[in-house]
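> Right, I'll just put the structure down here and ask away after.
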Ligand code: PLP
């Protein structure tokens with residue numbers, strides 16, 4: 001039965017719709033009337049390959065992905081992409097600039113929270129002598145005394161390199177509750193206008209924790225957008241990549257010119273050439289994600305969910321503002337930089353009074369779980 005489920009606020013793998021889980025349980029027994037369960041069927045069967053193609057078109061249509069971009073599926077989560085984006089984009093740069101020495105190559109990182117910080121650290125590990133430039137570190141713009149990731153910095157703070165191999169940012173910082181605004185007029189929007197307007201920009205975005213909750217601004221201007229499925233659209237095990245086709249390069253040709261060799265499974269070309277079926281994919285994760293996206297489409301797609309999410313975050317932040325006025329809670333993130341997806345706040349109260357514990361117990365009594373986590 002599905003009626004004994006609680007309200008799950010967990011920011012890790014997120015709650016999946018009960019109707020999808022019920023349908024998926026049937027699919028475990030019998031996938032699309034093949035008489036074979038989804039976990040047993042060959043990933044090369046015509047039924048499954050058609051399912052993958054349909055998943056691609058569900059994403060393409062709902063996010064309005066232009067034909068300039070491929071949609072690829074892989075495994076290894078967001079963390080694997082911290083490495084893959086570096087290796088593929090360094091290979092691309094090597095092919096474009098065979099004469100440049102590694103030390104002359106720069107990768108630009110916008111650091112606005114724990115995840116982009118981690119991605120920049122991986123770029124340093126894999127740089128092979130190239131430089132990693134911190135375009136901006138939002139801790140330098142923190143309002144808090146103990147400098148923290150609590151804001152999106154003002155546009156004037158960004159210094160991009162003249163010709164970087166990649167420019168990296170994380171749209172929604174899950175741990176810190178900081179997110180770029182999608183309103184281009186907002187001071188907390190991504191400064192697209194500071195990037196060159198007349199060439200293909202190597203812009204890479206981690207959308208792991210906000211994927212498909214609303215349209216992606218300037219999607220077509222991105223080189224790579226990636227997201228692990230598990231936050232918003234399915235179970236862990238599936239990673240979605242939207243890659244501009246000029247970034248799907250022959251990594252072996254680049255290695256011959258001195259680029260770092262790219263493991264076969266991290267190469268976007270491997271994924272593209274095999275239609276994302278180079279090896280056995282996470283069949284079940286792909287299946288459930290397909291069911292979630294079919295349901296999204298029926299309900300009105302990304303525009304419908306954008307409106308729903310706008311209302312949800314509006315209500316939650318309204319309550320928090322009221323709570324703050326009463327001295328019951330403390331918001332952590334600067335106004336305008338707050339995430340729609342991960343709402344971080346402290347429950348305050350009299351010194352040593354155990355207010356947070358009482359809040360969590362009250363929530364639990366009302367069937368709400370997963371509220372305690374990061375902050
Ligand atoms: N990027 C963001 C924004 C995340 O929230 C996470 C995980 O929480 C990751 C990357 C890492 O993703 P994964 O656990 O799929 O490797």
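The values are calculated or read from the model by the stated rules, or taken from the named source; none is laboratory data. These numbers were taken from a predicted model, which means no experiment stands behind them. Note that each Cβ is placed from the backbone with ideal geometry, even for glycine, and that neighbours are counted across all protein chains shown.
> If I go through segment 183-200 residue by residue, how many of them are over 23 Å from residue 330 (Cβ atoms), under 19 Å from the mean Cα position of the chain (by Cα) and either at pLDDT below 95 or more than 16 Å from the ligand (Cβ to nearest atom) (or both)?
4
> Which residue pairs have Cβ atoms under 6 Å apart, sit 6 or more places apart or on different chains, and have a first residue in segment 317-333 that is free of Cβ contacts under 8 Å to residues at least 24 places away in the same chain and a second that is part of a strand (DSSP E or B) and crowded, with 16+ Cβ neighbours inside 10 Å?
Once the first residue is free of Cβ contacts under 8 Å to residues at least 24 places away in the same chain and sits in segment 317-333, its partners that are part of a strand (DSSP E or B) and crowded, with 16+ Cβ neighbours inside 10 Å give 323/329; 324/331; 329/345; 329/347; 331/345.
> Okay, moving on. Which residues, taken from segment 96-134, are more than 13 Å from the ligand (Cβ to nearest atom), surrounded by fewer than 23 Cβ atoms within 10 Å (Cβ to Cβ) and not in a loop (DSSP other than H, G, I, E, B)?
Passing the criteria: 96, 102, 103, 104, 106, 124, 125, 126, 131, 132, 133, 134.
> Something else about it: Looking at 51, 9 in this structure, which one is under 17 Å from residue 276 (Cα atoms) and either surrounded by 12 or more Cβ atoms within 10 Å (Cβ to Cβ) or assigned by TED's automatic domain parsing to the domain that holds residue 280 (or both)?
Going through 51, 9 in turn, the sole match is 51.
> Continuing with the same structure: Does residue 230 qualify as being within 20 Å of residue 110 (Cβ to Cβ) and either without any contact (Cβ under 8 Å) to a residue 12 or more places away in the chain or in the same structural domain as residue 72 (by TED's automatic domain parsing) (or both)? Spell out the reasoning first.
Details: within 20 Å of residue 110 (Cβ to Cβ): no; either without any contact (Cβ under 8 Å) to a residue 12 or more places away in the chain or in the same structural domain as residue 72 (by TED's automatic domain parsing) (or both): yes.
The answer is no for residue 230.
> Can you work out which of the residues in segment 64-86 that are surrounded by 22 or more Cβ atoms within 10 Å (Cβ to Cβ) and part of a helix (DSSP H, G or I) is farthest from the ligand (Cβ to nearest atom)?
86
> What's the number of the only condition in (1) surrounded by 19 or more Cβ atoms within 10 Å (Cβ to Cβ); (2) within 16 Å of the ligand (Cβ to nearest atom); (3) under 17 Å from the mean Cα position of the chain (by Cα) that residue 167 fails to meet?
Condition (2) is where residue 167 drops out.
> On the basis of being surrounded by 23 or more Cβ atoms within 10 Å (Cβ to Cβ) and either more than 16 Å from the chain's Cα centre (by Cα) or touching a residue at least 12 places away in the same chain (Cβ under 8 Å) (or both), does residue 178 make the cut?
Numbers: surrounded by 23 or more Cβ atoms within 10 Å (Cβ to Cβ): yes; either more than 16 Å from the chain's Cα centre (by Cα) or touching a residue at least 12 places away in the same chain (Cβ under 8 Å) (or both): yes.
Against the criterion (surrounded by 23 or more Cβ atoms within 10 Å (Cβ to Cβ) and either more than 16 Å from the chain's Cα centre (by Cα) or touching a residue at least 12 places away in the same chain (Cβ under 8 Å) (or both)), residue 178 qualifies.
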